[in-house]
1. Hey, could you check segment 27-52 for residues that are surrounded by 14 or more Cβ atoms within 10 Å (Cβ to Cβ) and polar (S, T, N, Q) and say which is farthest from A176 (Cα to Cα)?
2. Given the structure, is E173 under 30 Å from E133 (Cα atoms), open to solvent by 80 Å² or more (accessible area, probe 1.4 Å), modelled with pLDDT of 90 or more and not in a loop (DSSP other than H, G, I, E, B)?
3. From the residues in segment 53-79 that are in contact (Cβ under 8 Å) with a residue 24 or more places away in the chain and open to solvent by 50 Å² or more (accessible area, probe 1.4 Å), which one is nearest to the chain's Cα centre (by Cα)?
4. Of the numbered conditions (1) in a loop (DSSP other than H, G, I, E, B); (2) among the polar types (S, T, N, Q); (3) under 27 Å from V18 (Cβ atoms), S103 satisfies every one except a single condition; which is it?
5. May I ask you to verify whether A95 is of a type outside the set (K, R) and either buried (at least 20 other Cβ atoms within 10 Å of the Cβ) or part of a loop (DSSP other than H, G, I, E, B) (or both)?
6. In segment 207-237, how many residues are in contact with a Leu (Cβ under 7 Å, 6 or more places away or on another chain) and either closer than 24 Å to V80 by Cβ or of a type in the set (S, T, N, Q) (or both)?
7. Here are some residues: T89, T104. Which one is open to solvent by 10 Å² or more (accessible area, probe 1.4 Å), modelled with pLDDT of 95 or more and polar (S, T, N, Q)?
8. Could you list all residues from segment 107-122 that are part of a helix (DSSP H, G or I) and not polar (S, T, N, Q)?
Amino acid sequence: MRIAVPNKGRLHEPTIEVLERAGLHIENTADRQLYADTVDPEVTVLFARAADIPEYVADGAADVGITGLDQARESGHDLVDLLDLGYGTCRLVLAAPEDGAISTPEDVTGLTVATEFPRITRDYFDRKGIDCEVVEVTGATELTPHVDMADAIVDITSTGTTLQVNRLAVVDEVLASSVRLFARPDVADDPKVEQVATALESVIAAEGKRYLMMNAPRDRLDDVKDVLPGMGGPTVMDVADGDEDRVAVHAVVDEREVFETITALKAVGASDVLVTEIERLVE
């Protein structure tokens with residue numbers, strides 16, 4: 001099975017990291033390398049431009065691909081969105097000059113909109129029943145309203161800083177995007193594809209979670225359970241030294257709740273509390 005991943009840019013490193021954490025260690029990588037093996041002899045990684053990955057998947061050069069939802073939608077290919085990997089978040093927005101007359105999407109009726117995402121933009125205006133001219137540009141989209149090339153733009157924004165610098169205001173959100181795992185419809189249910197999707201999902205599920213282990217008095221076990229905000233309740237076991245008055249308690253908790261949870265556990269008699277990170281979590 002071949003997985004197409006971004007070969008460079010802001011999506012490359014986090015994509016490699018999530019594959020590594022999922023257990024798909026990439027072997028013998030080098031600059032300008034087009035593909036690489038993984039520790040799984042059945043899985044190969046193919047490096048490509050993020051914008052080209054939907055095409056690679058659709059054409060069969062790769063079975064699955066990791067790229068932004070915006071790139072997949074703009075490609076127009078029928079791909080199955082298997083998993084939101086949760087990084088590379090951004091918005092595709094309709095924006096116009098701050099001091100202009102455009103404050104609603106309807107205000108661009110009969111006007112010109114510049115974008116690097118013509119398919120998404122046309123679909124957006126078609127859904128709203130707005131008739132306008134969409135002009136495709138390949139860069140510097142933010143400048144087009146200031147040089148009379150367009151009245152408004154549809155462009156990617158993460159923080160909004162670039163729009164502010166160019167004196168553009170957001171009129172409407174066109175698409176909320178993040179990095180996804182995509183597959184062709186004919187392989188989406190393949191056992192190996194499902195295995196890879198599960199491995200990646202386990203990494204995402206472990207984000208922000210911590211594993212707590214502790215000893216607790218057996219007669220205070222109900223109090224300990226009340227304190228723990230764990231997933232599906234804690235695991236309770238006898239301690240190895242045979243002390244019948246104590247039990248070992250394990251639980252998964254949200255990282256943001258660890259500090260208060262430990263304080264509350266100590267108050268109900270828990271001791272020897274150990275907190276560890278979780279690499280993967282299969283729910």
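The values are calculated or read from the model by the stated rules, or taken from the named source; none is laboratory data. Here the structure is a predicted model, which is why all the values come from computation and not from measurement. Here the Cβ is made from the backbone with ideal geometry for all residues, glycine too, and neighbour counts use every protein chain on show. The area values use the complete protein model at the heavy-atom level, side chains included, leaving out ligands, DNA and RNA. Shrake-Rupley method; radii C 1.70, N 1.55, O 1.52, S 1.80 Å.
1. Result: T38.
2. So E173 passes the test.
3. The qualifying residue nearest to the chain's Cα centre (by Cα) is R73.
4. (3)
5. When the stated conditions are applied, A95 passes them.
6. 0
7. Residue meeting the stated conditions: T104.
8. Passing the criteria: D107, V108, P118, R119, I120, R122.
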